[in-house]
Every structure is written in structure tokens, then in C-alpha cells.
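The values are calculated or read from the model by the stated rules, or taken from the named source; none is laboratory data. The structure displayed is predicted, hence computed values, not measured ones. Cβ placement follows ideal geometry from the backbone for every residue including glycine, while neighbour counts extend to all protein chains displayed. These accessible areas exclude ligands, DNA and RNA; they are computed on the full protein's heavy atoms, side chains included. Shrake-Rupley method; radii C 1.70, N 1.55, O 1.52, S 1.80 Å.
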Amino acid sequence: MPNLKQIKRRIGSVKSTQQITKAMKMVAAAKMRKATEAIERARPYAERLGEVLGRAAAGAGDLDHPLLEQREVKKVLFVLVTADRGLCGGFNSNLIRRTQQLIRETPAGVEPLLYCVGRKGYDFFKRRDTPIVEHLTGLFNDLDFSHATSIGARLRELYTAGEVDRVVLVFNEFKSAVQQVMHEDELLPFSVEQGGEAHGETIFEPDAESLLGTLLPMTVNRVLWRVLLDSYAAEQGARMTAMESATDNAGEMLGQLTLQYNRSRQAAITQEIAEIVGGAAAIS
Amino acid sequence: MSDNTFALEIVTPTGGVVYERRASHLSVPGEDGSFGILAHHADLMAALGIGRVHVDEEGGQATELALAQGFIQVEEGRVRILAEAAELVDRIDVERARDAEKRARERLEKHESDTDMARAELALKRAINRIALAKV
């Protein structure tokens with residue numbers, strides 16, 4: 001039986017770990033709330049932009065824009081959105097595993113490329129074979145719409161220059177605090193739904209076709225913004241769950257250690273009494 | 001009275017509906033120069049550039065906002081501006097704009113690839129626009 005001092009030290013360390021995991025859980029919960037609020041704030045913009053895009057597309061009739069162009073796919077770019085930090089359960093590893101699978105399953109003759117957003121994905125893939133065309137790390141601590149616009153600008157450049165023929169976003173969607181859903185969504189070529197009745201008398205300034213040139217990049221940016229926010233909220237949700245179970249486990253461990261501690265203490269006392277009684281018996 | 005005003009809303013991805021008011025006159029930065037909107041305007045869709053939005057509100061008060069890229073839609077007399085960023089003039093973070101200006105200028109001086117140049121130029125324009133409007 002381990003001695004009392006050792007058990008006591010062990011209890012102390014488990015307790016302080018539990019305090020840390022508990023604090024991390026609380027921080028994650030607060031950050032998750034902030035992220036979900038940001039998702040809510042982004043919604044009206046997204047809805048209205050979608051509506052306007054459909055209207056402009058309907059007005060343009062013939063849809064002709066570099067971002068809509070379907071080409072034979074020779075190079076496919078996977079935009080992998082992971083977290084910057086770990087300690088969030090399977091959040092990063094599931095995404096990375098899925099991306100590896102997507103890369104493996106890329107048909108012969110098609111070259112897979114990577115765009116890593118978030119440190120975890122980058123750290124994993126930078127030592128592997130798939131070329132990384134671009135990476136962006138350390139953004140989630142101070143997430144800003146300009147991150148979405150700079151990723152968007154780069155993706156549009158790559159696509160219009162013909163350096164990639166298809167862009168797929170691999171990320172976790174925030175469903176609820178305890179549920180993340182993995183997605184692999186095609187971003188480019190962009191598919192537009194022509195929507196809304198084409199108001200005959202609407203004035204397009206300068207014309208519907210060039211409005212698409214403004215609206216499509218704006219839409220790509222807002223999709224990316226949503227993906228970044230979703231991923232961030234999902235990360236915090238995953239961390240919250242992971243830290244909660246870590247806290248629970250620590251509690252369980254503490255219970256067992258305390259039991260062990262009390263048993264050892266009891267045993268020590270019993271032994272002491274036995275020794276005293278034995279000693280007294282020897283004297284009399 | 002109400003005949004000469006129209007409903008105006010400005011929506012951004014980070015702030016939701018950042019401005020919602022009835023207005024009597026609106027001036028926006030179109031891509032080829034600014035233009036004005038009054039009540040009973042015909043249905044319109046137009047791209048907006050970087051610049052100043054001026055609103056004469058119902059009741060005579062005037063408000064200005066800094067706009068960075070966007071879009072205006074007029075439909076059945078309602079006016080809606082979608083912008084990637086729009087800030088009321090008195091809420092502009094001048095320090096941040098100055099930082100952005102400095103960064104953009106540094107990037108322009110280094111002169112890397114053409115695409116980076118184009119982006120830096122846009123960033124510079126946005127920063128200058130914010131600073132200029134905040135001073136008013």
C-alpha cells in the first residue's frame with residue numbers, strides 16, 4: 001500500500017488539474033456563446049445577400065463569370081479549417097483523418113492541394129507529401145472579417161488563374177454545444193440559384209452581369225466568414241465537452257484516491273494501536 | 001410628411017443590422033461616383049465602392065457612415081445597403097485605421113506580387129476613407 005504522503009500529493013495534483021479543466025470549460029463556454037452570437041449577427045446579411053444574388057443572377061440571364069466556370073478538374077484544393085489549439089477532443093483529429101482520406105481518394109490524374117487554416121492542420125500536413133499552397137494560422141484568437149476576405153481573395157485568385165479547378169471546404173459545423181458536424185462543401189466553381197421574380201423594371205447599375213462581379217466575391221467572403229465562425233464555435237463546444245469529461249474523470253479519480261487515503265490512514269492507525277497494545281502486553 | 005421619407009437599413013456580416021431609420025435623402029458612393037436617393041426611387045441594384053454614406057434622417061438630423069465595399073438595393077421604396085463594413089463616423093476606430101494605413105503603405109513599398117499590390121491598395125483606400133471621415 002502506497003504511503004500516506006504519496007497519496008496526499010497525488011490528490012493535490014489531481015485537484016489542481018481538475019481546477020484547470022474546470023476553468024477551461026468555463027472559458028470555452030463563454031467563447032462559444034460569443035461565437036454563436038456572431039453567427040446570429042451574420043445571418044441577416046447572409047440572407048439578404050443570397051436574395052440579392054439570386055435576383056441579379058435572374059436579371060443577368062446568361063451566367064458568365066470566372067467563379068462560375070466549370071472546368072475539367074486537374075487540381076483540387078482542399079481548404080482545411082482546423083483549430084489553432086488542441087485539448088478539444090477529436091475536433092482536429094477527425095478533420096485531419098477525413099482530409100487524409102479525401103486526399104487518398106482523389107482520382108488518378110487529379111492533383112490534391114491544401115490550404116490550411118488553423119495551426120493544428122498546418123502542423124500535421126507540413127511534414128507530409130501533399131503540397132500546401134497557402135496557410136493561415138493563429139487567427140481564431142482574434143477572429144475578424146478581414147480573415148474571411150483575405151482567404152476569399154486568395155481562393156479567387158487561384159481559381160481565376162486556373163491554378164486550381166475545384167475548391168472544397170473541409171470544416172466542422174456548429175450544430176449545438178455537444179454536436180459538431182463535419183462538412184466537405186464545394187465552394188468553387190460557385191453554383192448560383194437564380195431566384196426571385198426578375199422585377200422587369202429594376203435598374204441594374206451598371207448592368208446585371210457586372211453586378212455579379214461584385215456580388216460573387218462578397219458571397220464567397222460571407223460563406224468563408226460563416227465557416228470560420230462555425231468552426232470556432234464548434235471548437236469551443238468540443239473543448240467544453242472534453243473539459244467537462246476531464247473534470248468528471250478527475251472527480252472520480254479524487255473519490256478513489258480519497259478512499260485509498262482513508263484506508264491507508266485507517267491501516268496505519270490500526271497498526272499503531274496493535275503495536276501499543278502489543279507493547280503494553282509485553283510489559284505487564 | 002411620411003410621403004417623402006423611406007425606410008433605410010444597413011446590414012453588415014459582423015454587426016447584423018447596424019443602422020435602421022427612416023430617411024428623407026441618402027447619398028452613397030457608387031462605383032463611378034456618388035449618387036443620391038430620394039423617396040419613391042425606382043427599383044435599383046447597384047454596386048458601391050469605398051466611401052461616405054450620408055443620410056438625412058426623418059426629423060432633419062444627418063448621419064454619416066464610412067463604407068467599405070458593398071451593394072445597394074431599392075425595392076418598392078425600401079432601401080437596403082449590404083456592406084462588408086460600415087461604421088458610424090463617430091464610432092470609427094481611428095487608431096486601428098492608422099495601423100491599417102501604415103501596414104498597407106509598407107506592403108506597397110515592398111512591392112511583392114501584383115495581386116498583393118491590388119489588395120494593399122484597397123486596404124489603403126479603406127483606411128484613408130475611415131481616417132478622412134473620422135476627422136469631420
Worksheet item: What is the one condition in (1) over 15 Å from A:Leu216 (Cα atoms); (2) in a strand (DSSP E or B); (3) open to solvent by 30 Å² or more (accessible area, probe 1.4 Å) that A:Gly162 does not satisfy?
Response: (2)
Discussion item. Which pairs turn up if I take residues in region A:174-185 that are over 17 Å from A:Arg98 (Cβ atoms) and look for partners that are open to solvent by 60 Å² or more (accessible area, probe 1.4 Å) and outside any strand (DSSP E or B) with beta carbon separation below 6 Å, at least 6 apart in sequence or on another chain?
Written reply: none
Discussion item. Filter region B:59-71 down to the residues that are of a type in the set (A, V, I, L, M), more than 14 Å from every other protein chain (Cβ to nearest Cβ) and either closer than 14 Å to B:Ala85 by Cα or not in a strand (DSSP E or B) (or both) and list them by number.
Written reply: B:Leu65, B:Ala66
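Conditions (1) under 23 Å from A:Ile132 (Cα atoms); (2) in a helix (DSSP H, G or I); (3) hydrophobic (A, V, I, L, M, F, W, C), marked per residue:
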residue: A:Val52; (1), (2), (3): no, yes, yes
residue: A:Arg55; (1), (2), (3): no, yes, no
residue: A:Ala58; (1), (2), (3): no, yes, yes
residue: A:Leu80; (1), (2), (3): yes, no, yes
residue: A:Arg85; (1), (2), (3): yes, no, no
residue: A:Gly89; (1), (2), (3): no, no, no
residue: A:Pro107; (1), (2), (3): yes, no, no
Practice prompt. Inspect region A:200-213 for any residue being surrounded by 19 or more Cβ atoms within 10 Å (Cβ to Cβ), closer than 22 Å to A:Glu40 by Cα and within 8 Å of chain B (Cβ to nearest Cβ) and give the result as yes or no.
Written response: no
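Here is a yes/no grid of residues against (1) more than 12 Å from chain A (Cβ to nearest Cβ); (2) touching a helix residue (DSSP H, G or I) at 6+ places or on another chain (Cβ under 6 Å); (3) aliphatic (A, V, I, L, M):
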| residue | (1), (2), (3) |
| --- | --- |
| B:Thr5 | yes, no, no |
| B:Ile10 | no, no, yes |
| B:Val17 | no, yes, yes |
| B:Leu26 | yes, no, yes |
| B:Pro29 | yes, no, no |
| B:Phe35 | no, no, no |
| B:Asp43 | no, no, no |
| B:Ala47 | no, yes, yes |
| B:Gln73 | no, yes, no |
Item to complete: Tally the residues that are of a type outside the set (D, E, K, R), under 12 Å from the mean Cα position of the chain (by Cα) and part of a strand (DSSP E or B), restricting the search to region B:35-58.
Response: 6
